[in-house]
Amino acid sequence: MKLPIFIADAFTARAFRGNPAAVCFLENELDEDMHQKIAREMNLSETAFIRKLHPTDNFAQSSCFGLRWFTPASEVPLCGHATLASAAVLFHKIKNMNSTLTFVTLSGELRARRAEDGIVLDLPLYPAHPQDFHEVEDLIKTAIGNTLVQDICYSPDTRKLLVRLSDVYNRSFLENLKVNTENLLQVENTGKVKGLILTLKGEPGGQTQAFDFYSRYFAPWVGVAEDPVTGSAHAVLSSYWSQHLGKKEMHAFQCSRRGGELGISLRPDGRVDIRGCAAVVLEGTLTA
């Protein structure tokens, strides 16, 4: 078995930043367990599998494909950065002729369209609801100790817990914050939480570029201790910060060691456009 495979760094224009995803092209059906084996072998936060929906489809000419995402540990229902990486490989390496691609996924149909300044993903927008602190106190204390918390919300659709840190903190604090992910699986094992978002209100631009909000994302429950840049988390963050800032257009930065930028635009149809760049850093053939 030989499969074309690429690695693209998503939500960055520069190699070795942003969030790397493997992108694998399937001409034919793949044994179900092989998806997970390949994702484990790639050992990135996500490996995407693009498949033809009909035998006559062509990766360079068709506009609609199946798409699945796997971490090294499990399949996930939504992954923004691996969708961006998939679209980038199709547009820039496969030379797909279409301006918009549609992906059939576990989260419904997702679209990726070319833009002057990157690729725009059309993703679901997930509301987050106020969460009682005492129900998640152990989880939060385990993760960030006595760090001051300003707000806590929960997204039932994505099972992500959003923890907003106090406005007294700045970007540097969030970047340097030591987060304990090793013990989270023991503290939260009910299945309610599958991801922890830490977020902070942005700062006006001075010497540095202005961002509306910052975040970091942790998902040890699906085998990813910290994810460098997370599209699916921003499908929750966009909803939260739009309400709190009174803005439909926002510019976000995920403060991982690799870092990544996201342009956000809430749509009239209740979804969200998330814009980013991607740099393809590897192409080859997977042999098994």
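The values are calculated or read from the model by the stated rules, or taken from the named source; none is laboratory data. Quantities reported herein were computed from a predicted structural model and do not represent experimental measurements. Every residue, glycine as well, gets a Cβ built from its backbone with ideal geometry; the counts of neighbours run over all protein chains shown. Protein only, heavy atoms only, side chains kept; ligands, DNA and RNA dropped before computing areas. Shrake-Rupley method; radii C 1.70, N 1.55, O 1.52, S 1.80 Å.
State the Cα centre-to-centre distance between the range 115-129 and the range 2-31 in whole Å.
Each part's Cα centre sits 20 Å from the other's.
Working from Cα positions, state the angle (0 to 90°, nearest 10) between the long axis of helix 32-42 and the longest principal axis of the chain.
70 degrees
Whole number please: convex hull volume per residue of the Cα set in the range 38-109, in Å³?
With only Cα atoms used, the range 38-109 gives 87 Å³ per residue.
Nearest 5 is fine: what % of DSSP beta bridges in the chain come out antiparallel, could you say?
DSSP beta bridges in the chain are roughly 80 percent antiparallel.
Of all GluC sites (Glu not before Pro) in the range 132-222, which ones are in loop regions per DSSP and have a Cβ with at most 11 other Cβ atoms within 10 Å?
Answer in residue order: E182.
Give me the 1.4 Å probe accessible area per residue for the range 129-269, excluding ligands and nucleic acids, in Å².
Heavy-atom accessible area per residue stands at 46 Å².
How high is the relative contact order of the range 129-269, in percent, counting Cα pairs under 8 Å that sit 6 or more residues apart?
Result for the range 129-269 is 18 percent.
If the chain between E203 and E175 were fully stretched, how many nm would it gain, using 0.36 nm times the residue separation less the Cα-Cα distance?
Full-extension gain reported as 8.7 nm.
Too long at a 29 Å Cα-Cα cut-off: which of K37/K93; K95/K160; K178/K248; K178/K201; K141/K201? Write out the running numbers ahead of the final one.
Details: K37/K93 25 Å; K95/K160 36 Å; K178/K248 32 Å; K178/K201 19 Å; K141/K201 21 Å.
K95/K160; K178/K248, as the Cα separations exceed 29 Å there.
Apply 1/(1 + (r/R0)^6) to the Cβ-Cβ distance of D31 and N189, taking R0 = 41 Å, and write down the FRET efficiency to the nearest 0.05. It would help to have the intermediate numbers written out before the result.
Working: r = 30 Å, r/R0 = 0.74.
After rounding to 0.05, the efficiency reads 0.85.
Would you calculate, for the chain, the mean residue ellipticity at 222 nm contributed by helices, counting each DSSP H stretch of 4 or more residues as -39,500 (n - 2.57) and dividing by all residues, to the nearest 500?
Calculated mean residue ellipticity at 222 nm is -6500 deg cm²/dmol.
Compute the Cα gyration tensor for the range 154-277, then decide on rounded, prolate or oblate, letting a ≥ b ≥ c be the square roots of its eigenvalues: rounded whenever a/c is under 1.5, prolate when a/b is larger than b/c in the other cases, and oblate in all that remain.
It is oblate, given that a/c is not under 1.5 and a/b is not larger than b/c.
Taking amide H positions as placed in the peptide plane 1.01 Å from N, state which residues far from G259 in sequence (5 or more) or on other chains have amide H under 5 Å from it.
Those qualifying (amide H under 5 Å, at least 5 residues apart or on another chain) are G18.
Full-extension gain between N98 and R14, please, as 0.36 nm times their residue separation minus the C-alpha to C-alpha distance.
27.8 nm
Calculate how many DSSP beta bridges within the range 129-269 are antiparallel, expressed in % of all such bridges and rounded to the nearest 5.
About 75 percent, rounded to the nearest 5.
Give, to the nearest whole percent, the P(r) tail of the chain beyond 24 angstrom, counting all Cα pairs.
Summing the P(r) of the chain above 24 Å gives 48 percent of all pairs.
Does the range 221-288 come out rounded, prolate or oblate, given a ≥ b ≥ c as the square roots of the eigenvalues of its C-alpha gyration tensor, rounded meaning a/c under 1.5 and, failing that, prolate meaning a/b above b/c?
Numbers: a/c = 2.22, a/b = 1.91, b/c = 1.17.
Since a/c reaches 1.5 and a/b is larger than b/c, the shape of the range 221-288 is classed as prolate.
Taking a ≥ b ≥ c as the square roots of the eigenvalues of the Cα gyration tensor of the range 97-222, is the shape rounded (a/c under 1.5), prolate (a/b larger than b/c) or oblate?
Because a/c hits 1.5 or more and a/b fails to exceed b/c, the range 97-222 counts as oblate.
Just to confirm the number: angle between the C-alpha axis of helix 133-144 and the first principal axis of the chain, 0 to 90 degrees, nearest 10?
Roughly 70 degrees, rounded to the nearest 10.
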